[in-house]
1. Taking a ≥ b ≥ c as the square roots of the Cα gyration tensor eigenvalues, with a/c under 1.5 meaning rounded and otherwise prolate when a/b beats b/c, else oblate, which class fits segment 17-60?
2. Amide H neighbours of residue 45 under 5 Å, at least 5 residues apart or on other chains, H built in the peptide plane: list them.
3. Which value in nm describes the separation of the simple spin-label points at residue 52 and residue 20, placed 7 Å from the Cα toward the beta carbon?
4. If each of residue 62 and residue 37 carries a label point 7 Å out from its Cα toward its Cβ, how far apart are those two points in nm?
5. Which links in 19/43; 26/50; 42/62; 21/72; 42/72; 20/72 stretch past 21 Å when you go from one Cα to the other?
6. Whole number in Å², please: accessible area per residue of segment 22-68, 1.4 Å probe, ligands, DNA and RNA not counted.
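The values are calculated or read from the model by the stated rules, or taken from the named source; none is laboratory data. Keep in mind it's a predicted model, so treat the numbers as computed, not measured. Cβ sites come from the backbone with ideal geometry, for glycine too, and all protein chains shown count toward neighbours. What goes into the accessible areas is simple: the full protein's heavy atoms, side chains included, and nothing from ligands, DNA or RNA. Shrake-Rupley method; radii C 1.70, N 1.55, O 1.52, S 1.80 Å.
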Amino acid sequence: MAQQGEIRYLTPPSVDTKKKKYCRFKKSGIKYVDYKDPEFLKKFLNEQGKILPRRITGNSLKFQRRVAQAVKRSRHLAMLPFVTDLMK
């Protein structure tokens, strides 16, 4: 049993350590976002098919705009759905 003043947890307490956000495009050296690659673009969509914001993905403004444009082009060509219930 736990002694007086001793705190026991069933699971270790989670310490919120913020990971540094980074632009995966700049880090990988990607210069062009291909709208014909739906598997790559799905990383930037949520379960409903909405585009995730910059504060979630960590993209720079320049590449977030390019991702948004690529997703819209891919949707227009029916490679990605406009709306869905569970995409992932």
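1. Details: a/c = 2.50, a/b = 1.14, b/c = 2.18.
Verdict is oblate for segment 17-60.
2. Amide H neighbours of residue 45: 52.
3. Result for the modelled spin labels: 2.0 nm.
4. With each label point 7 Å from Cα toward Cβ, the separation is 1.8 nm.
5. Details: 19/43 18 Å; 26/50 23 Å; 42/62 19 Å; 21/72 25 Å; 42/72 12 Å; 20/72 28 Å.
With Cα atoms farther than 21 Å apart: 26/50; 21/72; 20/72.
6. Numbers: 3080 Å² over 47 residues.
Per residue, segment 22-68 has an accessible area of 65 Å².
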